[in-house]
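Structure first, then comments.
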Amino acid sequence: MSVFSRAALVAGVSILALSGCTASASPSTTPSPDAAPTTVELSNCGVDVSFDTAPERVITIKSSTTELLLALGLGDRIIGTAFQDGPVPEKWASEASGLTSVAERVPSEEAVLDREPDLVFAGWESTFSADGAGERADLGALGINTFVAPSACQSADQPAKLSFDNVFSDIETVASIFRVDASDLVTDQRDRLAAIDANGDARTALWFSSGSDTPFVGAGIGAPQLLLDTVGLTNIAADVNATWAPYNWEAVVDADPDFIVLVDAAWNSADKKIGVLEANPATANLSAVKAGRYLVVPFAASEAGVRSVEAAESLSAQIAELDG
């Protein structure tokens with residue numbers, strides 16, 4: 001791996017850590033007097049849900065849900081976490097330090113019931129299944145509410161193409177469920193979004209999530225597309241009508257992207273992905289591989305959520321670093 005490649009990786013991690021340290025404090029969890037007595041009724045991935053009162057005992061599944069509650073100042077409501085994609089940013093580390101892990105991946109229904117939650121808040125719709133955390137109807141019959149991050153819906157209510165309005169709406173919707181005010185958080189995110197330099201200059205990029213024989217990439221309607229659009233990069237898989245999708249190396253070689261975005265996860269690191277790219281004779285000759293033009297996004301920031309603005313800020317800063 002080239003020195004340039006490693007420098008890009010260090011830059012990506014450092015920038016995200018820096019943004020985590022400097023972000024504004026979590027908003028107050030003081031209930032809104034107007035919203036407090038009102039039942040909140042929503043359609044969530046095609047499932048009708050109703051909250052007569054704010055949840056008090058929550059299991060969060062996936063980092064995106066845990067971090068949203070932390071950002072809203074609701075860490076004291078979390079009685080268990082599962083399938084966390086990486087460490088939380090420094091600004092939430094203290095509050096997150098006492099959280100209990102229920103499972104490393106999707107918890108079983110038994111593990112969920114053992115914690116006696118009143119809400120299971122999931123980052124993936126597929127979490128709710130008979131061999132996962134339980135079917136939504138079954139949990140509901142037991143008095144346990146369920147909710148999926150709206151931008152992650154697949155079966156129904158999926159955004160045609162994810163926008164930051166969707167991301168901010170998700171934050172506001174979750175805040176309404178808990179009867180807290182998200183206005184300061186959303187205003188801060190909008191202000192930071194407006195300040196991002198779209199310095200990609202319409203250059204092309206591959207969003208490389210995972211895979212070796214077949215790459216799994218960020219496609220045209222989800223969080224990867226949103227982040228690439230925000231920093232002015234052209235996604236080579238933008239015409240694939242999916243959030244993430246299998247692709248093929250022949251198409252990557254034909255496109256010869258200017259940048260390659262590497263999703264960094266403990267189980268599939270950015271270093272490992274670079275090894276895949278450099279070991280394959282076809283991809284080893286890609287312009288971005290030869291020049292080490294890699295951009296890095298931690299897995300936990302790669303899905304739509306409260307860290308999406310942070311991820312875009314980091315990508316823009318990394319492009320500037322590589323451009324010199």
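The values are calculated or read from the model by the stated rules, or taken from the named source; none is laboratory data. From a predicted model like this one, the values you see are computed outputs, not experimental measurements. Cβ coordinates were reconstructed from backbone atoms using ideal geometry, including for glycine residues, and neighbour counts include every protein chain displayed. Heads up: the accessible areas ignore ligands, DNA and RNA and are worked out on the full protein's heavy atoms, side chains in. Shrake-Rupley method; radii C 1.70, N 1.55, O 1.52, S 1.80 Å.
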**Prompt:** Taking Cα centroids, how far is segment 195-258 from segment 259-324 in Å?
**Reply:** 11
**Fill in**
Kirkwood Rh over alpha-carbon pairs of segment 208-262 plugged into Stokes-Einstein at 20 °C, 1.002 mPa s gives a D in µm²/s of 193
**Message:** Quick query: amide H of Leu295 versus all other amide H atoms, modeled in the peptide plane; which residues come in under 5 Å with a sequence gap of 5 or more or a different chain?
**Reply:** Ile260, Val261, Leu262
**Fill in**
For Lys91, counting only aspartates and glutamates whose alpha-carbon sits under 17 Å away and dropping same-chain residues fewer than eight positions off, the answer is Glu67, Asp76, Asp184, Asp188, Glu310, Glu313
**Prompt:** For segment 269-305, list residues with backbone N below 12 Å from a point placed 7 Å from the Cα of Val253 toward its Cβ?
**Reply:** 280-286
**Item:** lysines with Cα under 17 Å of Lys272, excluding same-chain neighbours fewer than 8 positions away
**Value:** Lys290
**Asked** 222 nm [θ] for the chain, helices only, -39500 (n - 2.57) per DSSP H run of 4+, per residue, to 500?
**Response** -11000 deg cm²/dmol
**Residue among Ala194, Val306, Ala255 farthest towards the positive dipole end of segment 180-324, charges placed on Cβ** = Ala255
**Request:** Run the dipole for the chain about the Cα centre, Lys and Arg Cβ at +1, Asp and Glu Cβ at -1, nothing else charged, and hand back the magnitude in debye, nearest 20.
**Result:** 700
**Fill in**
At R0 = 30 Å the Cβ-Cβ FRET efficiency linking Glu172 and Asp213, nearest 0.05, sits at 0.10
**Request:** Taking every pair of alpha-carbon atoms in the chain, give the share separated by more than 30 Å as a whole percent.
**Result:** 34
**Complete:** Between Ala194 and Asp76, the two model label points (7 Å from Cα along the beta-carbon direction) sit apart by a distance in nm of 3.3
**Asked** When you count, for each residue, the other Cβ atoms within 10 Å and take the mean per peptide, how do 148-160, 219-231 rank with the highest first?
**Response** 219-231, 148-160
**Message:** How far apart, in nanometres, would the label points at Ser287 and Leu113 be if each is projected 7 angstrom from Cα along the Cα-to-Cβ direction?
**Reply:** 5.8
**Prompt:** What does the convex hull of the alpha-carbon atoms of segment 62-141 project to on average, in nm²?
**Reply:** 5.0
**Message:** Using only the alpha-carbon atoms, how far is helix 308-323 inclined from the longest principal axis of the chain? Give it as 0 to 90 degrees, nearest 10.
**Reply:** 10
**Förster-model FRET efficiency, 22 Å R0, Ala320 and Ser269, C-beta, rounded to 0.05** = 0.40
**Item:** Asp254 - accessible surface, heavy atoms, 1.4 Å probe, Å² rounded to 10
**Value:** 130
**Request:** Would you work out what percent of the accessible area of the chain, with all protein chains in place, is carbon or sulfur (probe 1.4 Å)?
**Result:** 51
**Item:** Candidates Ala141, Ala245, Ala205, ranked by Gaussian network fluctuation over the chain, Cα under 10 Å, top entry
**Value:** Ala141
**Message:** Give me the one-decimal nm value for the distance between modelled label points at Glu135 and Leu42, 7 Å along each residue's Cα-to-Cβ direction.
**Reply:** 2.3
**Message:** Running a GNM on the chain with Cα contacts under 10 Å, which residue among Ser126, Ser308, Ser163 ends up with the highest mean-square fluctuation?
**Reply:** Ser126
**Request:** Enumerate the residues in segment 121-149 having an amide nitrogen under 19 Å from the point lying 7 Å beyond the Cα of Ala242 toward its Cβ.
**Result:** 124-127
**Item:** Probe 1.4 Å, protein heavy atoms only - accessible area per residue of the chain in square angstrom
**Value:** 41
**Prompt:** Quick one: what do you get for segment 87-216 if you divide its Cα Rg by 2.2 N^0.38 Å?
**Reply:** 1.29
